[in-house]
Amino acid sequence: MDVETLFGSLAPDILPLSLGFAGLIIAFIALLHSASVRRTQQGQYVLMREKADLLWRELDDLRSGSAPGVSPEGQKPDNTVTAEERYRTEKHAYAQIWPEIWRLHDRLGLFLRSVEAGEPAGELRLEARNAALEVRRLLNTQRPFCSEQVAELVTHLVDTEIKAHLAACRYLDMLKDVSTQPTQEDRQNLQEKYHILYDGEARELINQLTTTIRRRTIQPG
């Protein structure tokens, strides 16, 4: 058998093998690229987290008077501009969060009053829920620029208002559900629960949050 005949007989078999081999090479390259991208993204995430942690610690040091650059004699720090920028960053974070906190408290109050009055409350129920989700979203994005105390107070406040919202929703469901026949005592317990949560615990948390933000953002003199 001559050479041309040999290659002619092998040609139909070589083409699928070549395509398969090329596919393996492409898949291997894609795998290497994917691993490289994951390593790069992981490194960027770690770097951003470290920067956020450092900024948070510097903000707390600044508020407590132990920031680097402050002399024992009370002289102005060498990095006055940087300190002022950090202060404005923290203040800006609170300016973003506070209006939504008050909107949540207001919407929830309207919802609870509608429940008490026996008025249609479907729209207010949804508005209060969405307001709580918005506060949580803002806190997640602004948390690196807030003090630890403010972040904890906001988290506790949102959790408390959500509990009051759920208790009121359960109360409404009891009024509509005739199959389980809830007792008057069950409904009264739920009413007391959302009243205590909203008028007591949540109101106290708002007062604490107001005092803390004022102390950290309103400079004396």
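Given the criterion of a type in the set (D, E, K, R), at pLDDT 90 or above and more than 22 Å from ARG103 (Cα to Cα), identify the matching residue among GLU201, GLU185, GLU192.
So the residue among GLU201, GLU185, GLU192 that is of a type in the set (D, E, K, R), at pLDDT 90 or above and more than 22 Å from ARG103 (Cα to Cα) is GLU192.
Any residue in the range 193-213 that is loosely packed, with under 15 Cβ neighbours inside 10 Å sitting within a Cβ distance under 6 Å of a residue that is modelled with pLDDT under 95 and among the polar types (S, T, N, Q)? List the pairs, counting only those 6 or more apart or interchain.
From residues that are loosely packed, with under 15 Cβ neighbours inside 10 Å, there are no pairs.
Which pairs turn up if I take residues in the range 115-134 that are closer than 18 Å to LYS163 by Cβ and look for partners that are assigned to a helix (DSSP H, G or I) and small (Gly, Ala, Ser) with beta carbon separation below 6 Å, at least 6 apart in sequence or on another chain?
VAL115/ALA168; ALA121/SER114; LEU124/SER114
Pairs under 9 Å by beta carbon, first residue without any contact (Cβ under 8 Å) to a residue 24 or more places away in the chain in the range 149-166, partner of a type in the set (A, V, I, L, M), six or more apart or different chains?
Within 9 Å, the pairs are ALA151/LEU139; THR155/LEU139.
Just checking, does the range 168-187 include any residue being out of contact with any Lys or Arg (no Cβ under 7 Å at 6 or more places or on another chain), assigned by TED's automatic domain parsing to the domain that holds ARG88, part of a helix (DSSP H, G or I) and among the small types (Gly, Ala, Ser)?
yes
Take VAL135 and tell me if it is under 19 Å from CYS169 (Cβ atoms) and modelled with pLDDT under 95.
no
The values are calculated or read from the model by the stated rules, or taken from the named source; none is laboratory data. Just so we're clear, the structure is a prediction, and the values are computed from it rather than from any experiment. Glycine also receives a Cβ, built like all others from the backbone with ideal geometry; neighbour counts cover every protein chain displayed.
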